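Supplied in structure tokens, the structure appears directly below.
The values are calculated or read from the model by the stated rules, or taken from the named source; none is laboratory data. Here the structure is a predicted model, which means the values were calculated and not measured. As a convention, Cβ positions derive from the backbone with ideal geometry for all residues, glycine included, and neighbour counts pool all protein chains shown.
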Amino acid sequence: MSYFTIAWLDDGVVCMIDQRKLPHETIYNDYTDYREVATAIRDMVIRGAPAIGAAAGYGMALASLQSEGENVAAVRVDLATAADTLRQARPTAVNLFWAVDRMLARLDDPRLTDVAGLREAAVAEAKAIAAEDAAINRQLGQNALDLVPENATAIHHCNTGTLATVDYGTALGVIRAAHEAGKNINVLVDETRPRLQGGRLTAWELQQLGVPFKVIADGASGYYMRTQGVDFCVVGADRIAANGDTANKIGTYNLAVVAHENGVPFYVAAPTSTIDMGTSSGDGIEIEERPSTEITHAGDWQITPDGIEVGNPAFDVTPAKYVTAIITEKGVAYPPFTESLARFFV
Ligand code: MRU
């Protein structure tokens with residue numbers, strides 16, 4: 001791959017590709033302040049649940065380097081402030097909270113008694129979160145191979161590739177693994193209004209991978225299922241409740257209902273860090289409302305009349321009854337999800 005999503009540079013700098021500029025400009029931004037990392041998450045320089053988690057981990061590592069605390073107790077006070085700031089960046093992707101909590105738990109270790117050691121542990125833990133994500137996604141892709149026919153047409157929503165993770169991708173990783181295994185897979189790429197993660201980012205990634213694809217309007221999925229045949233849908237997740245209800249990019253619910261109506265299997269692919277066993281159902285998942293300009297404008301062009309009301313939920317919740325299976329690095333879970341997902345956490 002000729003690009004990367006996020007990396008830690010050894011001089012204490014976090015480097016991210018600016019996803020707002022893709023596919024036409026490939027620009028990398030450097031960050032040395034955790035507050036800038038929180039802003040980058042909010043403004044979607046970096047996006048996609050696992051990538052947001054990795055960014056939060058590195059944000060916490062930066063906070064440990066930035067702290068002027070003279071002992072570990074003082075640095076831990078600054079880390080708690082950084083954790084609050086990062087948690088407020090975006091509300092839905094649970095990987096953000098998971099990564100911040102994992103960093104705090106590691107840095108709470110009473111054996112870390114000096115500031116240099118604490119900082120070293122922070123950087124090492126953030127690097128581990130990132131490295132594990134890449135390995136997890138490859139495993140997830142392998143676990144899905146039996147679900148993908150030798151010749152298959154798949155519908156994919158949003159962007160779940162390398163750009164949404166540290167490497168390889170989740171739902172796009174399923175497609176990539178099938179392609180690499182020699183399967184003849186063809187992808188219908190939902191453009192994914194309003195921010196066009198499908199049309200801009202997934203198309204860019206699939207083009208470079210050499211996977212055959214066609215970008216379609218979000219509303220065209222039912223048309224393709226009825227007229228040309230679709231073998232399965234595969235999407236990522238921002239948060240999966242303990243009962244399998246899945247929060248993902250707005251429009252996922254519509255796609256799942258149309259898939260159900262047409263008898264098309266609907267797969268969710270996500271690392272187990274996206275499963276929130278503390279949330280019993282989708283009703284407990286906070287859905288982010290994003291700025292109205294994402295709806296009223298396409299770039300600098302205002303589409304709508306002045307002074308109108310806009311609703312812009314960034315995600316929706318697909319009820320578990322529409323999900324055929326949840327593919328993770330620990331295996332494939334089938335309904336009833338309350339039981340099958342719980343088995344991943346024993
Ligand atoms: O608003 P975004 O672009 O962060 O939303 C991303 C998605 O909804 C993805 O499908 C999800 O995070 C999974 S990414 C592997």
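Which residues, counting only those in the range 4-44, are hydrophobic (A, V, I, L, M, F, W, C) and touching a Ser or Thr at 6+ places or on another chain (Cβ under 8 Å)?
PHE4, VAL13, VAL14, MET16, ILE17, ALA38
On to the next question. I'd like the full set of residues that are assigned to a strand (DSSP E or B) and acidic (Asp, Glu), limited to the range 148-199.
If we filter the range 148-199 for residues that are assigned to a strand (DSSP E or B), which is where we start, we get 151-156, 184-190.
Scanning the range 148-199 gives a single hit, ASP190.
Any residue at all in the range 193-201 that is within 22 Å of TYR253 (Cα to Cα), more than 14 Å from the ligand (Cβ to nearest atom) and either out of contact with any helix residue (DSSP H, G or I) (no Cβ under 6 Å at 6 or more places or on another chain) or not hydroxyl-bearing (Ser, Thr, Tyr) (or both)?
From the range 193-201, those within 22 Å of TYR253 (Cα to Cα) are 193-201; that's our starting set.
From what's left, more than 14 Å from the ligand (Cβ to nearest atom): none.
Looking for residues that are within 22 Å of TYR253 (Cα to Cα), more than 14 Å from the ligand (Cβ to nearest atom) and either out of contact with any helix residue (DSSP H, G or I) (no Cβ under 6 Å at 6 or more places or on another chain) or not hydroxyl-bearing (Ser, Thr, Tyr) (or both), one finds none in the range 193-201, hence no.
Going through the range 131-160 one residue at a time, which ones are within 14 Å of the ligand (Cβ to nearest atom) and surrounded by fewer than 22 Cβ atoms within 10 Å (Cβ to Cβ)? Don't jump to the end; show me each part of the working.
So the first thing to find is which residues in the range 131-160 are within 14 Å of the ligand (Cβ to nearest atom), and the list is 133-134, 136-138, 140-141, 144, 155-160.
Those that are within 14 Å of the ligand (Cβ to nearest atom) and surrounded by fewer than 22 Cβ atoms within 10 Å (Cβ to Cβ): ALA134, ARG138.
State which residue pairs qualify: first residue free of Cβ contacts under 8 Å to residues at least 24 places away in the same chain and inside the range 24-39, second residue in a loop (DSSP other than H, G, I, E, B) and loosely packed, with under 15 Cβ neighbours inside 10 Å in any location, beta carbons under 6 Å apart, and separation of 6 or more residues or different chains.
Going by the 6 Å Cβ cut-off, the qualifying pairs are ILE27/LYS21.
Which of the residues belonging to the range 64-111 are farther than 18 Å from ALA128 by Cβ and not in a helix (DSSP H, G or I)?
Once the filter is applied, which keeps residues that are farther than 18 Å from ALA128 by Cβ and not in a helix (DSSP H, G or I), the range 64-111 yields SER67, GLU68, GLY69, GLU70, ASN71, GLN88, ALA89, ARG90, PRO91, THR92, ALA93, PRO110.
Here is a further query. Give the residue that is nearest to the chain's Cα centre (by Cα), with candidates limited to residues of the range 38-50 that are in a helix (DSSP H, G or I) and within 7 Å of the ligand (Cβ to nearest atom). Spell out how you get there, then give the answer.
In the first step, residues of the range 38-50 are kept if they are in a helix (DSSP H, G or I); the result is 38-42, 49-50.
Filter once more, so that each one left must be within 7 Å of the ligand (Cβ to nearest atom): 49-50.
Values: ALA49: 3, PRO50: 4 Å.
Looking at the filtered set, the residue picked out is ALA49.
I need the full set of residues from the range 14-48 which are surrounded by fewer than 16 Cβ atoms within 10 Å (Cβ to Cβ) and of a type in the set (Val, Ile, Thr), in order please.
THR26, ILE27, THR32, THR39
Follow-up. Report the residue count in the range 161-188 for those that are at negative phi and within 13 Å of the ligand (Cβ to nearest atom).
Applying the first criterion (at negative phi) to the range 161-188 yields 161-167, 170-181, 183-188.
Still in the running and within 13 Å of the ligand (Cβ to nearest atom): 161-167, 170-176.
Here the count works out to 14.
I've got another one for you. Go through the range 266-315 residue by residue and tally those that are away from the ligand (no atom under 13 Å from the Cβ) and either aromatic (Phe, Trp, Tyr) or not assigned by TED's automatic domain parsing to the domain that holds ARG193 (or both).
2
Do the conditions hold for GLU329, that is, is it of a type in the set (D, E, K, R) and within 28 Å of THR153 (Cβ to Cβ)? Let's see the steps before the verdict.
Numbers: of a type in the set (D, E, K, R): yes; within 28 Å of THR153 (Cβ to Cβ): yes.
Criteria met by GLU329.
Considering only residues that are more than 15 Å from the ligand (Cβ to nearest atom) and either closer than 13 Å to ILE155 by Cβ or surrounded by fewer than 23 Cβ atoms within 10 Å (Cβ to Cβ) (or both), which ones fall in the range 240-265?
Within the range 240-265, ALA242, ASN243, VAL257, VAL258, ALA259, HIS260, GLU261, ASN262, GLY263, VAL264, PRO265 meet the criteria.
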